[in-house]
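J.: Input: one structure, supplied below.
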Amino acid sequence: MPVSFFLVLSALLFAIGVYGVLARQHAVMVLLAIELMLNAVNINLVAFSALLGEAGVSGQVFALFVIAVAAAEVGVGLAIVILIFRNRQSIDVDELSLMKW
Amino acid sequence: MSTLALAQEHGEVLLETGTVGELMWLVPLLPFLAFFVILFFGRRLPGHGHSVGIGAAAVSWVLSLVAFFELAGGRASIEKAWTWFEIGGRIELQFGMQFDFFTAIMFIVVTTVSLLVQVYSTGYMHGEVRYTWYYAALSLFTASMLFLVIANNLLQMFVGWEGVGVCSYFLIGHYWEEKPNSSAAIKAFITTRVGDVGLLFGIFALFALAGTFDISELNHLAEEGDIGGTGLTVAALLLFLGAVGKSAQFPLHVWLPDAMAGPTPVSALIHAATMVVAGIYLVARMFVLFEHAGAALDVVGIVAAVTMLMAAVLALVQDDIKKVLAYSTISQLGYMMAALGVGAYTAAVFHLFTHAFFKALLFLGSGSIIHAVHSNNMSDMGGLRRYMPQTFRTFVIGSLALAGVAPLAGFFSKDEIVGEALRAASEGTRTTAWIVFVSAVVTAFLTALYMARACFKTFWGEYRGHGHPHESGRAIVAPLWVLAIAACTVGFLGIPVVGVFQKWITVPGHEHPGFDTFYNIVLPVGSVLIALLGIGLGYLLFMRGRPSIDILRSPFAPVYRFVENKYFLDDIYLGGIVRPVQYALSRVAYWFDQRILDGAVNGSASGTVATARTTYSTIDQGVVDFAVNGAADLTGWTGGILRYVQTGNVQRYAAVLFAAVAVFVALFALT
């Protein structure tokens, strides 16, 4: 399979992620969309790793790092979401606009 | 000869060491320290400070006496000098002391009178205002006077000279709450100041001539003829002007009668015994120089002759007992000055010495009387001999001494002066000697007359005042007796021919001549007869009232009025100097002050204000503030617009972020 297939998939996945981040109102869905974008990046990394063979091992290693960081990020993000819900009984992102003028 | 070399030579003159005379700098220093102690701690000390002043004066007195007896025992006189500072390595100012018989005599006079006056004041000034300050000022005065007489150079002497002047000012104005008293203090200060300017310029003139301030060196140079001519005459006359001011000689004598506004002990100390003889001291110290200064000594003689006569006449018409004594002091100072004027150096110093005792006695006696009757006027006194026997006896002793009745102190010294004047006149050594001799004889008669008048009006007749006068306390009477004993005895020190005074105080070329029947027998008898004549006339006029002296109706009335108004001298000074200065000159000065000086000041001020206003409105407001406010406004305006960007909506931020990334990627991709 040519590498372009993976790149297209990755781009689609990333675009969906961006849409999710920008458009969804539910904070958990926003976090999930972020996960989509990270995984799009992971696909890219792994695809190029496979393409480059021995020289591309660092791509796989980097993907593993991204997964670990993403897990941590989701942990922190969900904790924030829970706290916000406890304070405001809502996790609508549109309503989280306290830090404006 | 180079002055520096001479000065160095002098610095090394150390005649003898290890004597009390070496310690003589302590004598002025002790009262000086006492001044500070009294000033700062006086109120908390026993006796409110008088014990410190008396203690310092007593120690100084003992030291002076011991040093004096050392000198009398044959020790050499001491002159020491240290370099004070140098100017440009060329002019050297010295700080030195000179202790010879003359200084020792002055020390004894000053410390004795100061000590007695301070003891007297414990009684006289008891409970008065500013008692502590009074003692501080007395101590400072004593220190200044001692400093004046120990100085070995003119500049240092000038320091003491001004010091006694300012203390005199303080003490005359002691009761400054009353206007006449403070006016009298100012008058004394300003009048003597006229003389002081002369003295200062005289000192400068001598320095310009000789290049030194050292007294013995100046005398030496004048004697050798190294300095002379018109310059020296002018310098000597300028010095004499200082003496005229300080020693109340005509025409600057007007301050001394007014100085009687001060407390009476002050008059005794400052205006009878010590400060006023500073002028005599100055001329006597510079006597050799004066002798070689052309006509200077003749001027001294004539001025002094005028002074003694004029003041003696004035003393006759005063009602205020202190003013009688004040004019008497002026007259006697004229005597001393006249003695110097005819070259009778020894006689002048001798009269200074004896006069200090009996005049201090008279002043303190008058103080005792004033203390008892609460008035200065003899018209409020009378008959006091019954109420105040001690004061009466001592006062009469003082009066007889002043009148020159043998064998009291004044007899010897006055006789010496009259004799010397006659000798100088007959031998023709001094052209002015005849004038001096005649006025001295007339003054001797007048002195006896006015003292007789004062005594008769005060102690005889009926008491005319209020209340019941009583004898003063022991603190007042004891000093009177001490001085009375001195007035009886000190004259014998200078008994003609065999006396020791003539050996102590002498200048080269004026060695005392030997015994002479005319001068040592006939003249003294004559002078006593003149004094008795004066007293007798006084008895007739003021005691018996016959011939009656209704002088206002006599042909002498204009003369009397002329004298009573003090020859209109005060009016001449007031109208001729003070008023023009006060009105015309001060008006011109005021105009100048207002228009020119204030105009310049105000002009520069308003100019500054205008400049400041312009600067404020254009630069500060227009530029600086505009920039600052403009920056702030711009920031606020842009902030106002930009804040709409900050929605607080995270997703919108993210959208901008992604859009921006997309734009950058597109830009990179295209380029």
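The values are calculated or read from the model by the stated rules, or taken from the named source; none is laboratory data. Everything numeric here is computed off the predicted structure, so don't read it as measured data. Quick reminder, even Gly has a Cβ in these numbers, built from the backbone with ideal geometry, and neighbours come from all protein chains shown.
J.: Looking at segment A:56-101, which of its residues are within 14 Å of chain B (Cβ to nearest Cβ) and among the aromatic types (F, W, Y)?
T.: A:W101
J.: Hey, can you tell me all the residues within segment B:78-95 that are surrounded by 15 or more Cβ atoms within 10 Å (Cβ to Cβ) and at pLDDT below 80?
T.: B:I91, B:E92
J.: In segment B:616-652, what count of residues is obtained for those that are at the interface with chain A (Cβ under 10 Å from one of its Cβ atoms) and at negative phi?
T.: First, the residues of segment B:616-652 that are at the interface with chain A (Cβ under 10 Å from one of its Cβ atoms): B:639-640, B:642-652.
This time we only want the ones that are at negative phi, so: B:639-640, B:642-647, B:649-652.
Residues flagged as at the interface with chain A (Cβ under 10 Å from one of its Cβ atoms) and at negative phi within segment B:616-652 amount to 12.
J.: Identify, by number, the condition in (1) within 29 Å of B:V299 (Cβ to Cβ); (2) in contact (Cβ under 8 Å) with a residue 24 or more places away in the chain that B:W434 doesn't meet.
T.: (2)
J.: Which residue, of A:V18, A:V3, is surrounded by 14 or more Cβ atoms within 10 Å (Cβ to Cβ) and either more than 22 Å from A:V76 (Cα to Cα) or within 12 Å of chain B (Cβ to nearest Cβ) (or both)?
T.: Details: A:V3 fails: surrounded by 14 or more Cβ atoms within 10 Å (Cβ to Cβ).
So the residue among A:V18, A:V3 that is surrounded by 14 or more Cβ atoms within 10 Å (Cβ to Cβ) and either more than 22 Å from A:V76 (Cα to Cα) or within 12 Å of chain B (Cβ to nearest Cβ) (or both) is A:V18.
J.: Select from segment B:1-31 the residues that are more than 24 Å from B:E217 (Cβ to Cβ) and buried (at least 18 other Cβ atoms within 10 Å of the Cβ) and write down the one among them that is modelled with the lowest pLDDT. Step through it out loud before you land on a result.
T.: The initial filter retains those residues of segment B:1-31 that are more than 24 Å from B:E217 (Cβ to Cβ), namely B:18, B:20, B:23, B:26, B:29-31.
After this cut, where a residue has to be buried (at least 18 other Cβ atoms within 10 Å of the Cβ) as well, the list is B:20, B:30-31.
Details: B:V20: 71, B:L30: 89, B:P31: 89.
Filtering first and then ranking leaves B:V20.
J.: While we're here: Looking only at segment B:55-93, which residues are over 30 Å from B:T212 (Cβ atoms) and in a helix (DSSP H, G or I)?
T.: B:G55, B:A56, B:A57, B:A58, B:V59, B:W61, B:V62, B:L65, B:V66, B:F69, B:A72
J.: Please tell me if B:T142 is within 25 Å of the chain's Cα centre (by Cα) and farther than 19 Å from B:V490 by Cβ.
T.: The answer is yes for B:T142.
J.: Then there's this: On the given criteria, is A:A27 more than 14 Å from chain B (Cβ to nearest Cβ) and not polar (S, T, N, Q)? Spell out the reasoning first.
T.: Details: more than 14 Å from chain B (Cβ to nearest Cβ): no; not polar (S, T, N, Q): yes.
No.
Residues are listed down the side, and each one gets a yes or a no for (1) assigned to a helix (DSSP H, G or I); (2) buried (at least 17 other Cβ atoms within 10 Å of the Cβ); (3) in contact with a helix residue (DSSP H, G or I) (Cβ under 6 Å, 6 or more places away or on another chain); (4) of a type in the set (A, V, I, L, M):
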site: B:F170; (1), (2), (3), (4): yes, yes, yes, no
site: B:G202; (1), (2), (3), (4): yes, yes, yes, no
site: B:L221; (1), (2), (3), (4): yes, yes, yes, yes
site: B:G231; (1), (2), (3), (4): yes, no, yes, no
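J.: What is the number of the single condition among (1) surrounded by fewer than 19 Cβ atoms within 10 Å (Cβ to Cβ); (2) within 30 Å of B:L569 (Cα to Cα) that B:M145 does not meet?
T.: That leaves (1) as the condition not met.
J.: I would also like to ask the following. Among (1) modelled with pLDDT of 85 or more; (2) within 23 Å of B:V578 (Cα to Cα); (3) in a loop (DSSP other than H, G, I, E, B), where does B:F189 come up short?
T.: Failing condition for B:F189: (3).
J.: Could you grab me the full set of residues in segment A:30-44 that are within 14 Å of another protein chain (Cβ to nearest Cβ) and closer than 17 Å to A:L64 by Cβ?
T.: Scanning segment A:30-44 gives A:A40, A:V41.
J.: Could you identify the single residue in B:F147, B:F158, B:F141, B:F207 that is under 23 Å from B:G88 (Cα atoms), at pLDDT 90 or above and part of a helix (DSSP H, G or I)?
T.: Exactly one residue qualifies, and that residue is B:F158.
J.: Given the condition over 30 Å from A:S97 (Cα atoms), outside any helix (DSSP H, G or I) and either more than 14 Å from chain A (Cβ to nearest Cβ) or in contact with a Lys or Arg (Cβ under 8 Å, 6 or more places away or on another chain) (or both), answer yes or no: does some residue in segment B:660-671 qualify?
T.: Within segment B:660-671 (the criterion being over 30 Å from A:S97 (Cα atoms), outside any helix (DSSP H, G or I) and either more than 14 Å from chain A (Cβ to nearest Cβ) or in contact with a Lys or Arg (Cβ under 8 Å, 6 or more places away or on another chain) (or both)), the answer is yes, since at least one residue qualifies.
J.: Evaluate the following for A:I91: is it touching a Phe, Trp or Tyr at 6+ places or on another chain (Cβ under 7 Å) and either farther than 24 Å from A:N44 by Cα or at pLDDT below 90 (or both)?
T.: Values: touching a Phe, Trp or Tyr at 6+ places or on another chain (Cβ under 7 Å): yes; either farther than 24 Å from A:N44 by Cα or at pLDDT below 90 (or both): yes.
Considered against the rule, which asks whether it is touching a Phe, Trp or Tyr at 6+ places or on another chain (Cβ under 7 Å) and either farther than 24 Å from A:N44 by Cα or at pLDDT below 90 (or both), A:I91 comes out as yes.
J.: If you don't mind, another one. Output yes when any residue across segment B:543-552 is part of a helix (DSSP H, G or I) and at pLDDT 70 or above, and no when none is.
T.: Our first condition is that a residue be part of a helix (DSSP H, G or I); within segment B:543-552, this holds for B:543-544, B:551-552.
So of that shortlist, the ones also at pLDDT 70 or above come out as B:543-544.
The answer is yes; a qualifying residue exists.
J.: Now a separate question. Of the residues B:I321, B:I280, only one is touching a strand residue (DSSP E or B) at 6+ places or on another chain (Cβ under 9 Å), surrounded by 24 or more Cβ atoms within 10 Å (Cβ to Cβ) and either more than 19 Å from B:T443 (Cβ to Cβ) or not charged (D, E, K, R) (or both); which? Please lay out each step first, then the result.
T.: On the way: B:I280 fails: touching a strand residue (DSSP E or B) at 6+ places or on another chain (Cβ under 9 Å).
On inspection, the qualifying residue turns out to be B:I321.
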